[in-house]
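Report on the following structure.
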Amino acid sequence: MATVSFTIDGKNVMAEEGTSLLEAAKSAGIEIPHLCYMEGLATGACRLCVVEVEGQKNLAASCVFPVANKLVVKTATERVIRARKNVIELLLSDHPLDCMTCEKSGACGLEKYAYELGVTGSRFAGERHHYPLDDTNPFFFRDYNKCILCGRCVLACNDVQFVEAINFAHRGFGCKIAAPYDRSLKDSTCIFCGQCVASCPTGALVEKSRCAAGREWDLQKVTTTCSYCGVGCTLELSVKDGRIVKVTTPADAVVNKGRLCVKGRFGWDYVHSPERLTAPLIRVGEKGEGKFREATWDEALDLVARKFSEIKSESGSDSLACLSSAKCTNEENYLVQKFVRAVLGTNNVDHCARL
Amino acid sequence: MAGLATTFGSGAMTSSISELRDTDCIFVIGSNTSENHPIIGLEVMEGVRHGKTKLIVADPRRIRMVDFASLWLRQKPGTDVALLNGLLNIIILENLVDTEFIAGRTEGFEEVKKLVAEYTPETTSRITGVPVDDLKEAARLYAKSPKACILFAMGITQHTTGTDNVMAIANLAMATGHVGKEGSGVCPLRGQNNVQGACDMGALPNVLPGYQPVTDAAARAKLEQAWGTSLPDKPGLTLMEMMAAAEHGKVRGMYIMGEEPAINDPNSTHVRAALKKLDFLVVQNIFLGETGKYADVVLPGASFAEKDGTFTNTERRIQRVRQAIPALGQCKPDWVITSGIASRMGYPMNYRHPSEIMEEIAGVTPIYGGVHYDRLDKSGLQWPCRSREDAGTKYLHKDSFSRGKGKFMPVAYKEAFELPDAEYPIIFSTGRILYHWHGGTMSRQSKGLAEIAPEAMVEISPVDAAKLKLADGDIAELASRRGKIQAKVKVTDESPDGVAFMTFHFTEAPANLLTVDALDPVAKIPELKVCAIKMEKVWAKPASGE
Ligand code: SF4
Ligand code: SF4
Ligand code: SF4
């Protein structure tokens, strides 16, 4: 592909032919505001990313405008700023201004640009939507009143996860994002990957787990690896007060590149299940009955060590066996097989890879 | 993956996940990729959607990947070897083999050629039920593509002929030169998050860390020195053999960490009997589970969010696990618990952090020789990674196979261990669904996942439903020669006629009470995919509406 050269805000920039202005600017370190654009996927719908291109009468949506030789582009002229303010004001004219309690606050695109452009409210007094909160699936809420119809969730569903569960439905004021026949997602082809939630720039799609669990800026992020399947997706756990609040993934994650499945994004709450074991137990009832009493670690481990030693000296090393785990870490598997071989003295160690 | 260890010298996935979106042809067989390895499924779809990749799916069920396929081969369950041999025969007949690769990189081709000659397109079609034209088209597409990958999973390995299936796949890849190159490879997709790592670490009865055989005196000597003890030289018992030995009183004490054999094992009645018979059972897990009920001592482990460590994914990538929250209650990471037991038995283990254990692993495991925590932060490392200077390995068998020459293995088609008959006319097959994982130990404790997929379903085709007078939502009793269970019926044209499919995530309807514990003779993998059952309605869903 040919390389073209042009200027953005007086800066000389080179880019591959076919690149959009927005992407070219980004690689040159110039961030153009945008709401509907997602990496590699552009619709030109929100018109926040407009710029002035010399020789063009109208402002150009930079996410869909291809670069060309000798273009002269300005990203922050008075005209551009005015247009952007207009876009935000229009959006706010039909948006609940409840940022103080909105779960998205601190990570919301609309809030960010309203702040940056100094838009405090709206001069446009228009009709407002009053939708009830959509609470029909176990993983996330959809609040249509906060939806700016940017279409990112639709792109995420169709072009990232290839599901096509949702799309724009109806026209005009009644336009909204919905599954076919406006059914609940549970009755659609939705696979609950949550890609739509991850891509939504506003509080229209929000994980249930995070509701009332902490403000965005108070969440501590820890990068780790998913505990379910062998793909090994990178997870970013958002944590507050010793509890996981939500799970996301970085766009540049090495294996999964910004995508997750339902188990990785939403299936982690087993960690906080009330059914978790919390103390060592020693059997009191019959075997298989499941009756136990709590014990201290010392008591439990002493008993284990004594019994294993007894069996080993009575019946030999090979009368002991161990199942290690494909769920545990490498370090734990290594230690278990070392324990079995070096301490118990047998090679009777296996795990369920076969299953 | 015993089959690949024989033919290539290593059982691991040869390619990297990221190569999949850049290959010309992907052949998926015995892998419900979008359900069991969702993000790998997406990588495949990515290539297909961008017009780069042509997809062939061989599966008795109409899985979601079929929507993206150029070609769908709907073979009868249990006929994979015949299908693969038949495809190879067409490739040979039409001169589409890579003669240079066969001559330079492999051995044993002539015998395979002789054997697969029996699998004429017509014979293959008769055994598998796949039309001759589709067989030819698939063979040509796979062989002629400049780069091609084969993806497979438990649908291939969970048969009495599982090892044969895998070797037949390896034959196909070697004959066409589709292995050991960027974008071409043989990809067994490993199930659980760290199956690969557990194998790498030697949690297997016949190998030490890094697949060094326990029978290899030199390997043992090295570890004996590192560990300051002498090591047993006789291979140990596999999981199924352990359970049998326990039932016969030969194994008296057992230590089970993070596993649920009482649900996950085929023929789980036997497993329960074995566990009950033990003199002393220690279960270490995050939930009590079914297995825990048989324990004498239960030790509470920490979840993945409560500890540091590493997992190795299906493409051999060692990645960090990082503690995000404090351990619940008195829970402790498994490595701390195991160290505690060892120390009390007179063998002190005084690790302060998993990174110290990894340093030891690197010292005794050549393929992990260059793995250190400070190198894992951003994107981990793919083994083999032998030294600090080694950047890791994207794809295996580049210039030569791990065993030297790739070994063609002639494998003949054998019928499944148990076939349907007049009394048990339906083929029963098990698998997983997207929303749950294995015995459901974790996933069923997730409220959302449990709500979306709350109960066991048995899937049958509309034709069978009509024959059995079953409707969507009815409850049916399923009986095999070994046991019976009840489950809700789902009528779907995803299922082929004559086959009932069920998941094994639900303890109240344990599908594995029905399955046979006939084992693959080499890999000792049980036949979970095919057995014979009968079905009968026990409860009819009331007509709804009015
Ligand atoms: S959860 Fe996934 S499948 Fe469902 S609507 Fe959102 S993006 Fe689509
Ligand atoms: S739900 Fe979110 S992502 Fe989807 S259109 Fe509305 S604002 Fe955009
Ligand atoms: S997020 Fe889904 S695909 Fe990724 S590792 Fe977890 S279970 Fe596997």
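A compact table of results
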| read-out | value |
| --- | --- |
| Wholly within segment A:77-162, helices (runs of 4 or more DSSP H) carrying at least 1 residues that are modelled with pLDDT under 90 and not aromatic (Phe, Trp, Tyr) | A:78-92 |
| One residue from B:86, B:11, B:51, B:3 being modelled with pLDDT under 90 and more than 12 Å from every other protein chain (Cβ to nearest Cβ) | B:3 |
| Meets criteria (closer than 26 Å to residue A:229 by Cα and more than 7 Å from chain A (Cβ to nearest Cβ)) for residue B:309 | no |
| Residue list for segment A:185-199, filter: within 9 Å of ligand 1 (Cβ to nearest atom), more than 10 Å from chain B (Cβ to nearest Cβ) and free of Cβ contacts under 8 Å to residues at least 40 places away in the same chain | A:188 |
| Among (1) hydrophobic (A, V, I, L, M, F, W, C); (2) away from ligand 1 (no atom under 16 Å from the Cβ); (3) under 22 Å from the mean Cα position of the chain (by Cα) - the single one residue A:38 does not satisfy | (2) |
| Helices (runs of 4 or more DSSP H) wholly inside segment B:168-265 containing at least 1 residues that are on the phi < 0 side of the Ramachandran plot and surrounded by fewer than 18 Cβ atoms within 10 Å (Cβ to Cβ) | B:217-227, B:239-247 |
| Matching residues in segment B:378-393 - criterion: being in a loop (DSSP other than H, G, I, E, B) and out of contact with any Pro (no Cβ under 9 Å at 6 or more places or on another chain) | B:378, B:379, B:380, B:383, B:385, B:387, B:388, B:389, B:391 |
| Search result, residues across segment A:242-257 that are more than 7 Å from every other protein chain (Cβ to nearest Cβ) and assigned to a loop (DSSP other than H, G, I, E, B) | A:249, A:250, A:251, A:252, A:253, A:257 |
| Residues that are of a type in the set (A, V, I, L, M, F, W, C) and either over 22 Å from the mean Cα position of the chain (by Cα) or more than 15 Å from ligand 2 (Cβ to nearest atom) (or both), drawn from segment A:124-155 | A:124, A:125 |
| Selection status of residue A:94, in contact with a Phe, Trp or Tyr (Cβ under 9 Å, 6 or more places away or on another chain), in the same structural domain as residue A:158 (by TED's automatic domain parsing) and either surrounded by 15 or more Cβ atoms within 10 Å (Cβ to Cβ) or under 27 Å from residue A:10 (Cα atoms) (or both) | no |
| Those residues of segment A:170-189 which are in a helix (DSSP H, G or I) and either more than 15 Å from ligand 2 (Cβ to nearest atom) or over 24 Å from the mean Cα position of the chain (by Cα) (or both), in sequence order | A:172, A:173, A:174, A:180, A:181, A:182, A:186, A:187 |
| The listed residue being within 14 Å of the chain's Cα centre (by Cα), more than 16 Å from ligand 1 (Cβ to nearest atom) and not small (Gly, Ala, Ser), out of A:249, A:202, A:223 | A:223 |
| Segment B:354-381: number of residues that are crowded, with 21+ Cβ neighbours inside 10 Å and polar (S, T, N, Q) | 1 |
| Boolean, residue A:143 is under 23 Å from residue A:261 (Cβ atoms) and either away from ligand 3 (no atom under 16 Å from the Cβ) or surrounded by 16 or more Cβ atoms within 10 Å (Cβ to Cβ) (or both) | no |
| Residues located in segment B:34-90, provided they are within 19 Å of the chain's Cα centre (by Cα), closer than 27 Å to residue A:233 by Cβ, more than 16 Å from ligand 3 (Cβ to nearest atom) and among the charged types (D, E, K, R) | B:59, B:61 |
| Sole residue being among the basic types (Lys, Arg), assigned to a helix (DSSP H, G or I) and on the phi < 0 side of the Ramachandran plot, chosen from A:306, A:293, A:276 | A:306 |
| Residue match in segment A:258-271 (condition: within 7 Å of another protein chain (Cβ to nearest Cβ), assigned to a loop (DSSP other than H, G, I, E, B), touching a strand residue (DSSP E or B) at 6+ places or on another chain (Cβ under 9 Å) and within 16 Å of ligand 3 (Cβ to nearest atom)) | yes |
| Some residue of segment B:407-426 being within 30 Å of residue B:6 (Cβ to Cβ), surrounded by 19 or more Cβ atoms within 10 Å (Cβ to Cβ) and either assigned by TED's automatic domain parsing to the domain that holds residue B:30 or touching a Pro at 6+ places or on another chain (Cβ under 6 Å) (or both) | no |
| Residues satisfying the stated conditions in segment B:322-337, i.e. of a type outside the set (A, V, I, L, M), over 15 Å from residue A:324 (Cβ atoms), facing another protein chain (nearest Cβ under 7 Å) and under 31 Å from the mean Cα position of the chain (by Cα) | B:322, B:331 |
| 1 or more residues closer than 27 Å to residue B:316 by Cβ: qualifying strands (runs of 3 or more DSSP E) within segment B:1-114 | B:25-29, B:54-58 |
| Test for residue A:209: is it within 13 Å of another protein chain (Cβ to nearest Cβ), more than 27 Å from residue B:324 (Cα to Cα) and either under 21 Å from the mean Cα position of the chain (by Cα) or within 16 Å of ligand 1 (Cβ to nearest atom) (or both) | no |
| Test set (1) touching a helix residue (DSSP H, G or I) at 6+ places or on another chain (Cβ under 6 Å); (2) within 13 Å of ligand 1 (Cβ to nearest atom) - residue A:148 fails condition number | (2) |
| Condition check for residue A:138: over 25 Å from residue B:39 (Cα atoms) and surrounded by 13 or more Cβ atoms within 10 Å (Cβ to Cβ) | no |
| Only one of B:292, B:340 that is among the small types (Gly, Ala, Ser), more than 22 Å from residue B:199 (Cα to Cα), more than 16 Å from ligand 2 (Cβ to nearest atom) and more than 7 Å from chain A (Cβ to nearest Cβ) | B:292 |
| Residue satisfying all of: in segment A:1-22; surrounded by fewer than 21 Cβ atoms within 10 Å (Cβ to Cβ) and outside any strand (DSSP E or B); modelled with the lowest pLDDT among these | A:1 |
| Scan of segment A:220-230 for residues that are modelled with pLDDT of 95 or more and either in a loop (DSSP other than H, G, I, E, B) or within 27 Å of residue B:41 (Cα to Cα) (or both), ordered by number | A:222, A:223, A:224, A:225, A:226 |
| Residue match in segment B:143-153 (condition: over 30 Å from residue B:368 (Cβ atoms), crowded, with 23+ Cβ neighbours inside 10 Å and either within 14 Å of chain A (Cβ to nearest Cβ) or among the polar types (S, T, N, Q) (or both)) | no |
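The values are calculated or read from the model by the stated rules, or taken from the named source; none is laboratory data. Note that the structure is predicted; figures quoted are calculated from it, not measured. We place every Cβ from the backbone using ideal geometry, glycine too, and count neighbours over all the protein chains shown.
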